[in-house]
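Working notes for the structure below.
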Amino acid sequence: TSVALAMGGEALLSQEEVAALYCRLAKLRSFMSLNATAVKKILKKFDKNMAGTGREPQLPSVMKRLEAEPFSVCRRRADGMAVELERAMPPDKVPRLRQLAQDALKRAGGGRESRPNVLPLALSLAAGLVVALAPLEAFEQADRPE
C-alpha cells in the first residue's frame, strides 16, 4: 500500500519508502541532538573553568542565540517532518515505524569501527566557542608589551 504525503506537494510513497525515510530522518535528528549536547557540555565546562574570573556564564546567552540559528530551525523542522511521516502512516503501523528507526540507530552506532571520530568535531567546536566568546581585548592585551 502507498502513503500520500503533502510536504511541498502530493507524492505517493510505499510504506517501505516512508519507513526508510523515517529511519534516515531519525539518524539526522540523533546527529543534531548529539551536536547540541556537545555544545552545551563545552559551554558548561567553559563556564566552570571561568567561574572565578568574574566573567558572566556564557551557557544561557549562547544557547539562546543558537535557538535562532539555522541549525535549531532545521532541528525543529526535522522534528515536524517526523510527526508528519507518523501521521501519514496508518496508526497501527506507527509503533513498528518507531521500532525500525530505533533499530537503525542501534545499527549505525553499534560497532566501534562504524562510529565517527568525534574528537576533531569537539576540538573545532571548542576552538570556535573560545574565539566567539573571548572578548577581543583579551587577545589585544596579550600582544602588547608591558
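Of the residues that make up the stretch 119-134, is at least one under 30 Å from V18 (Cβ atoms) and at pLDDT below 85?
Narrowing the stretch 119-134 to residues under 30 Å from V18 (Cβ atoms): none.
Checked the stretch 119-134: no residue is under 30 Å from V18 (Cβ atoms) and at pLDDT below 85.
On the stretch given as the stretch 14-62, residues that are more than 19 Å from Q99 (Cβ to Cβ), aliphatic (A, V, I, L, M) and touching a Leu at 6+ places or on another chain (Cβ under 7 Å) total 6. Residue count for the stretch 83-96 satisfying the condition of being open to solvent by 30 Å² or more (accessible area, probe 1.4 Å) and within 20 Å of the chain's Cα centre (by Cα): 2.
State yes or no: is L28 within 15 Å of the chain's Cα centre (by Cα) and in contact (Cβ under 8 Å) with a residue 40 or more places away in the chain? Yes.
To keep it simple, each residue is scored yes or no on (1) surrounded by 13 or more Cβ atoms within 10 Å (Cβ to Cβ); (2) under 30 Å from S14 (Cβ atoms).
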| residue | (1), (2) |
| --- | --- |
| T37 | no, no |
| K40 | yes, no |
| G52 | no, no |
| R55 | yes, no |
| P60 | no, no |
| R77 | no, yes |
| M81 | yes, yes |
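Restricting the first member to the stretch 65-87 and to residues that are assigned to a helix (DSSP H, G or I), and the second to residues that are among the small types (G, A, S) and surrounded by 11 or more Cβ atoms within 10 Å (Cβ to Cβ), the beta-carbon pairs closer than 7 Å and six or more apart or on different chains are L66/S72.
The values are calculated or read from the model by the stated rules, or taken from the named source; none is laboratory data. Since the structure is predicted, the reported quantities are computational estimates derived from the model, not experimental observations. Here Cβ is always computed from backbone atoms with ideal geometry, including for glycine, and neighbour counts include all displayed protein chains. Side chains included, ligands, DNA and RNA excluded: accessible areas come from the protein's heavy atoms. Shrake-Rupley method; radii C 1.70, N 1.55, O 1.52, S 1.80 Å.
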